[in-house]
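Scroll down for the structure; my scribbles are underneath it.
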Amino acid sequence: MARYRLHHSLSRRHVIRTLYRWAKKHFSDTRRCTQQKVTDAYLVALHLSRLIFKHPYPSVWWNMLKDGRPNLPSYTQAFVRINRLLEQLQQVACPVRAYQEVVIDSMPLPICRPKRAKRCRFAGAKWGYGTQGKFYGYKLHAWMLPSGEIVQYNVKPANLHDLTASYELNVQWGKYGGPKVIGDKGYCCLGYIHPPKKNTRYDTGWRLDRHPRMRKRIETVFSQLVAEGIRSLQAKTLRSLQVRVVLAVLAHNLTKP
C-alpha cells in the first residue's frame, strides 16, 4: 500500500486531493446516475480526511466540509453509501500478502459509558476487561507488522478471550504465508511466540533482545488509533462500527511513518 505524508498541519484541500488520487485507484470514479452527487472514490477521500485531522465526530466534520462544498450529499446519504462500501474497504485496507512475522494484540472499543450499559441496545455488545478496567462493547483484534502496518483484524464482543478471538485470524494463516505470531502472556498457547510463565515447561520462542520492542510497537499503534478517534464512535449497529474501524485502519496504513 502506498504511503503518504499527510498531517493535520496541511491544508484540508491538499489532504483531500491527495486522498482522492489514491482512492481513484481502488474505487469507482464514475457516477452511476445523474442524481449521484459524488463518486465512490471522492466519498472515501472525504471520510478518510476526518481521520487525518483527528476530528472525533463524523457528522460535525461532514457539515464542515459542506460549508465549502455545497454540492455534497447530506451526511445521512453519505453515511448510507459508505456503509455499502464496507466489504470493498476491508479488502483495500488489508490486502492478503505473505509475511514472515506478525504481532497480535487487542484493544477495547467501548460502545457507551458503563453507567449507560443497562439501557444500551447495541446488538452483540458485551462486558469485557481491558488494561483500563471493565468496559461495555467490543474488542479490536489485530495482526500488525513490526513496521507498524495493520495487516489483518476483526471486531469481536468484549467478553471473548483474546486467544479465542484470535482463532478467526489464524484461519487466514496460510494465505498470509504462515508467519510467526508474536503475542503477550494472554496468548499462552502452542503456535504463538509469547513470554514464558513461571510454570512453562517448553521454549516459547520469546527472545528478550527483539520481541519486547516489537510488542511495544503495537501498543504505540493502538495509542495512535485512539488519538485519531477510533473510540469516538457514533454507531448504532455492528456494521456502522465496522465502517468506523476500517476507515481508521485504512487511514493509519496510508499515513504510517
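The values are calculated or read from the model by the stated rules, or taken from the named source; none is laboratory data. Quick caveat: nothing in here was measured; it's all calculated off a predicted structure. Please note: Cβ atoms are built from the backbone with ideal geometry, for glycine as well, and neighbour counts cover all protein chains shown.
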Within segment 206-223, count every residue that is under 13 Å from the mean Cα position of the chain (by Cα) and surrounded by 15 or more Cβ atoms within 10 Å (Cβ to Cβ).
-> 3
Filtered residues of segment 30-63 (kept if exposed (fewer than 14 other Cβ atoms within 10 Å of the Cβ) and of a type in the set (A, V, I, L, M)) | V60
Hey, Y153 hits all of (1) under 17 Å from P108 (Cα atoms); (2) assigned to a helix (DSSP H, G or I); (3) hydroxyl-bearing (S, T, Y) but one; which does it fall short on?
-> (2)
For Q91, state whether it is farther than 28 Å from L19 by Cβ and surrounded by fewer than 16 Cβ atoms within 10 Å (Cβ to Cβ).
-> no
Return yes or no: is Y136 among the hydroxyl-bearing types (S, T, Y) and in contact with a helix residue (DSSP H, G or I) (Cβ under 7 Å, 6 or more places away or on another chain)?
-> yes
Options G186, G178; residue that is among the small types (G, A, S) and assigned to a loop (DSSP other than H, G, I, E, B) | G178
Which one is surrounded by the fewest Cβ atoms within 10 Å (Cβ to Cβ), of the residues in segment 101-128 that are of a type in the set (A, V, I, L, M, F, W, C) and part of a loop (DSSP other than H, G, I, E, B)?
-> A123
Which members of segment 164-176 meet the condition of being surrounded by 13 or more Cβ atoms within 10 Å (Cβ to Cβ) and in contact (Cβ under 8 Å) with a residue 40 or more places away in the chain?
-> A165, S166, L169, Q172, Y176
Those residues that are small (G, A, S) and surrounded by 12 or more Cβ atoms within 10 Å (Cβ to Cβ), I need them from segment 64-88; list them, please.
-> S74, A78
Do we have any residue at all in segment 61-84 that's in a loop (DSSP other than H, G, I, E, B) and of a type in the set (V, I, T)?
-> no
Apart from one, (1) assigned to a loop (DSSP other than H, G, I, E, B); (2) touching a residue at least 12 places away in the same chain (Cβ under 8 Å); (3) farther than 17 Å from R244 by Cα all hold for Y20; the odd one out is (1)
Output yes when any residue across segment 31-48 is farther than 19 Å from Y75 by Cβ, of a type in the set (D, E) and modelled with pLDDT of 85 or more, and no when none is.
-> no
